[in-house]
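The values are calculated or read from the model by the stated rules, or taken from the named source; none is laboratory data. Because the structure is predicted, anything quoted here is derived from the model rather than measured. Positions of Cβ are backbone-derived with ideal geometry, glycine not excepted, and every protein chain shown enters the neighbour counts.
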Amino acid sequence: MGSVRVSGKCLKKVHVMIKLWNATGSTDCTKTSSNSATGNKQAPYQCVMKLKEQGRKGFFLYDSIDSDELGDSDQREAMEENEEEEELRPTALYTVGGSDEFTFVSPDGLSGQYTGPDHDGVVLQTENPAPTNCLAYYFEVHIMNAGEKGEIAIGFSKEHIYSEGYTVRSCAYIGNSGLICSQNGDGDRTVAKASDTYTTGDLVGCGIDSVSQEFFFTKNGTIVGTIPRQFRRPVYPTIVLHSQNEAVTVNFGGQIAFSFDFEHFEESLRVKKEREIEKISMSRSISHGLVKTYLLRYGYEDSFRAFNLAASRHTVIAQENSFDEYELHQRKKLRELIMTAEIDDAIAALKDRYPQLIEDCSALFECETIEESGAAYLLGETQKNIVAAAVSEAILSTNPATRDQQSASLERVLRQFEATCSLYARE
């Protein structure tokens, strides 16, 4: 099946997809709420942007949809389909350096012991790096035996790097000295003093604070020191056993609770980040203009009218020179037909008013038994929204004034912001 030309770029799967959807739904935020005793229309400001934080990074823009109109299963499906694939997390240790002859690692990869001479040692590292899609990451180590010299080093490093803070791209909290050492890729070393040392029986934690861009360390549930993160992700939880009989057991979270209240710590970071965001000032004319162009682009005519009316009472909305209400009413009607599964009417309207769009997709075949095919997933509410948006974009592509306009300003801002956040998280 070949790809389609420019005007069919957004419509490349539209013809076949339109024929597939049979579910009903509504996406107009001026629909009367079934939960409202007065039957008032929903406020246009319910068209909101939401940054989902829990385990994910992503932007979701929702028109105001009554929860009764969109079922729980559809809501879950919409959220799940917007999420990125889950990152693999550290779950076990294995030997990456040192003497295997004198090293024992338990079958589950959660315990390690070194029995060799003091002049040697062993490096234990996790199979997966610390995740990058969260505000903070943390693991904890139970010191089963500090060994003869108590030189255990716990921290993070790049893959297969000997981690004790004295080699490049590594950071570690060292037991007998209480030093926290870090070194970047250029060999610049930073040394800080923790408030305490650790030995046999202690629970030592190590974490990443992505808000402050720091590594932090705990002992028996209390933070004892921090140090700036000087090297890029991904980084791996790493433990170095130096002296004879040093032994540890690691806890990556889950079934066994941490001694440190990590959930409270993570929540405090979330509050801190939200406060920083709240301090950012943006004029109403800019923010309202971004929302306005989004509603215009995707054919939410009633939402656009209501939003424009409410917003204009407070401020003059900035207008993009290249963006107007081109075919807005027709795009709204087509969106409604698609979302209510009036497929034949939608195709007839397209053929009547925009025949070239249907012709561009004539090579796409129609599936008669969609439920039994690999395309059955296209029946969901989220996919109907996608095709409605694609139709609206394809119609806009016929307007010479906006032919080069690839997306609404709000989407471009969000893409840029998400890309920046992604790069920042890996610094």
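Return the residues of region 249-270 that are surrounded by fewer than 10 Cβ atoms within 10 Å (Cβ to Cβ) and either modelled with pLDDT under 95 or polar (S, T, N, Q) (or both); say none if nothing qualifies.
The answer is Gly254, Gln255.
Based on this model, can you work out whether Val191 counts as surrounded by 15 or more Cβ atoms within 10 Å (Cβ to Cβ) and assigned by TED's automatic domain parsing to the domain that holds His142?
no
Just to check your reading of the model, which residue among Phe215, Phe252, Phe262, Phe258 is in contact with a Cys (Cβ under 9 Å, 6 or more places away or on another chain) and of a type outside the set (A, V, I, L, M)?
Values: Phe252 fails: in contact with a Cys (Cβ under 9 Å, 6 or more places away or on another chain); Phe262 fails: in contact with a Cys (Cβ under 9 Å, 6 or more places away or on another chain); Phe258 fails: in contact with a Cys (Cβ under 9 Å, 6 or more places away or on another chain).
Exactly one residue qualifies, and that residue is Phe215.
Within region 200-221, which residues are part of a strand (DSSP E or B) and more than 27 Å from the chain's Cα centre (by Cα)?
Leu203, Val204, Thr218, Lys219
In contact (Cβ under 8 Å) with a residue 12 or more places away in the chain, more than 21 Å from the chain's Cα centre (by Cα), closer than 30 Å to Thr115 by Cβ and surrounded by 22 or more Cβ atoms within 10 Å (Cβ to Cβ), is that true of Thr238?
When the stated conditions are applied, Thr238 passes them.
Limited to region 289-336, what total is found for residues that are surrounded by fewer than 20 Cβ atoms within 10 Å (Cβ to Cβ), modelled with pLDDT of 70 or more and farther than 25 Å from Pro355 by Cβ?
Of the residues in region 289-336, 5 are surrounded by fewer than 20 Cβ atoms within 10 Å (Cβ to Cβ), modelled with pLDDT of 70 or more and farther than 25 Å from Pro355 by Cβ.
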